[in-house]
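Chemist: Here it is: the structure, laid out below.
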Amino acid sequence: MIKVLFVCLGNICRSPSAEAVFRKLVEEQGLDETIKIDSAGTHAYHIGSPPDSRAQEAARRRGIDMSSQVGRRVDDGDFYTFDYILAMDKSNEYHLREMAPAEEIHRIRRFLEFAPGRREQEVPDPYYGGHTGFENVLDLIEDASEGLLADIKVRISRVITKGQ
Ligand code: 4NP
């Protein structure tokens with residue numbers, strides 16, 4: 001089992017969107033028994049809240065239902081549980097690094113490292129903007145999700161090869 005945690009600030013816009021988009025991709029490829037996916041925020045503002053309605057609408061337009069997701073904060077156990085802890089922006093990455101035990105920092109990456117064809121290094125916070133911000137977030141997430149899945153497949157095949 002490979003475990004992936006997407007992280008943003010509030011866990012109501014970007015990281016739950018990444019969770020939902022990546023889960024759909026993983027399910028389409030029949031890998032949902034192999035890859036566990038979750039999301040969390042670095043801050044506690046929206047614990048227990050559903051995703052932002054604008055994020056839900058944008059996802060729905062792409063055939064994705066986020067309505068059952070619930071906001072939570074990153075906790076200490078996450079640094080031992082998840083193989084990939086993926087920050088949406090540099091500020092999230094900084095906060096995760098501050099929180100993590102030194103020996104687990106290697107699990108933290110920026111999500112857009114997996115979208116090398118993109119100039120952007122961060123998924124921008126859409127909270128205070130309009131609808132186009134949410135569409136842009138999904139476009140970036142879709143690109144990085146493809147790259148992330150390819151990376152995970154390499155990791156899985158290495159484990160299988162080692163086991164033989
Ligand atoms: P997210 O967006 O980090 O993508 O979930 C935000 C959500 C809430 C706030 C900021 C960003 N806020 O300030 O409450």
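The values are calculated or read from the model by the stated rules, or taken from the named source; none is laboratory data. Because the structure is predicted, anything quoted here is derived from the model rather than measured. Quick note on the areas: whole protein, heavy atoms, side chains included, nothing else; ligands and nucleic acids left out. Shrake-Rupley method; radii C 1.70, N 1.55, O 1.52, S 1.80 Å.
Chemist: Roughly to the nearest percent, how much of the accessible area of the stretch 1-101 is carbon and sulfur, given a 1.4 Å probe?
Modeler: Details: 2030 of 4410 Å².
On the stretch 1-101, the fraction of accessible area on carbon and sulfur atoms equals 46 percent.
Chemist: Next question. Aspartates and glutamates within cross-link reach of residue 90: Cα-Cα under 14 Å, excluding same-chain residues under 8 positions apart?
Modeler: In chain and number order, the partners are 98, 113, 120, 122, 125.
Chemist: Averaged per residue, what accessible area in Å² does the stretch 98-164 show with a 1.4 Å probe, protein chains only? Mind showing how you got there, number by number?
Modeler: On the way: 4110 Å² over 67 residues.
On a per-residue basis, 61 Å².
Chemist: Counting only helical runs of four or more DSSP H residues, what would the 222 nm mean residue ellipticity of the chain come to if each run contributes -39,500 (n - 2.57) and the total is spread over all its residues? Display every interim value, and only then the final one.
Modeler: Details: 5 runs with 71 residues, N = 164.
It lands at -14000 deg cm²/dmol.
Chemist: Hey, what's the per residue convex hull volume over the C-alpha atoms of the stretch 2-163, in cubic angstrom?
Modeler: Details: hull volume 18.7 nm³, N = 162.
Output value, Cα hull per residue: 115 Å³.
Chemist: What relative contact order, as a whole-number percentage, does the chain give when Cα pairs under 8 Å and 6 or more residues apart are counted? Spell out each step's value before the answer.
Modeler: Working: 285 pairs, mean separation 41.1, N = 164.
Once normalised by length, the contact order is 25 percent.
Chemist: OK, next. If you split all Cα-Cα distances of the stretch 123-164 into 10 Å bins from zero, what percentages do you get per bin, shortest first?
Modeler: Histogramming the stretch 123-164 at 10 Å steps yields 27, 29, 21, 15, 7, 0 percent.
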